[in-house]
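The values are calculated or read from the model by the stated rules, or taken from the named source; none is laboratory data. This structure is a prediction, so every number in the text was calculated from the model and none was measured. FYI the Cβ positions are ideal-geometry reconstructions off the backbone, even for glycines, and counts take in every protein chain you see. The protein model used for the area step is the full one, side chains on, heavy atoms only, and it has no ligands, DNA or RNA in it. Shrake-Rupley method; radii C 1.70, N 1.55, O 1.52, S 1.80 Å.
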Amino acid sequence: MFASTLLPFVLAATALAMPTARQASPCASLGASAMSSVSNFTLAAFNASSTTPVPLVVMQETEDSTGQVGICVLATKSEQTTDAFPNLSLVNGTLIPNQPNMAAVDMPVTAGKALTFEYAQDQLRQNLPAASPDYCAVPASDSGYGGAILYANGDASSFFVCPDQEHMNSIVYKPSADNGGVYDSTSCWPVTIKLQ
């Protein structure tokens, strides 16, 4: 009788003593200077053939009929684009667009897809999915770019600017011809993304 009463406590103590699996930091393989959290910055794309940075913006791509939730994409800034979010922050490896009265989360970085974000009005924040900790910033004083370089999945060399169906130049991670016609993979060019 005593043993059956004590058994649940022994099992609970054993479970608490067992090590738990931790998710690896997105910066773990990038060295001691890599950062998974940085506040309030903008992004710019650098092409190897040009020294002039191209500003990047988080642009609204789609929204629901109420205008309270939707999807944004990271794209180059042009005369036709408006910046839906004035700046971004890295928070524990997640790239979060900032705007008063809005909540936004990054979507998982996937080969062949544009870098996207889901947003909602503040009162609908609980409806957003969990953010995806895929990003890291690494100081780049020796790269010629200065500042810090954005990495996704431990990789800074797989970002491309690709013209898409919405007449935007979206940032795509590892472009692929197999993209359902969303963007023209033959017209993409590689870029390095810098935090400013």
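Per residue, how much accessible area does segment 32-107 have with a 1.4 Å probe, in Å²? Display every interim value, and only then the final one.
Details: 3710 Å² over 76 residues.
Counting only protein heavy atoms, the per-residue value for segment 32-107 is 49 Å².
Which of the aspartates and glutamates could be linked to residue 194 by a straight reach, that is with a Cα gap under 14 Å, when you skip same-chain ones fewer than 8 residues away?
List returned: 142, 155.
Out of segment 94-194, which chymotrypsin sites (Phe, Trp or Tyr not before Pro) are coil in DSSP terms and have no more than 11 other C-beta atoms within 10 Å?
On the way: sites: 117, 119, 135, 145, 151, 159, 160, 173, 183; in loops: 145.
Those that pass, being in a loop and sparsely packed, number zero.
Counting only protein heavy atoms and a 1.4 Å probe, tell me what percentage of segment 56-196's accessible area is made up of carbon and sulfur.
48
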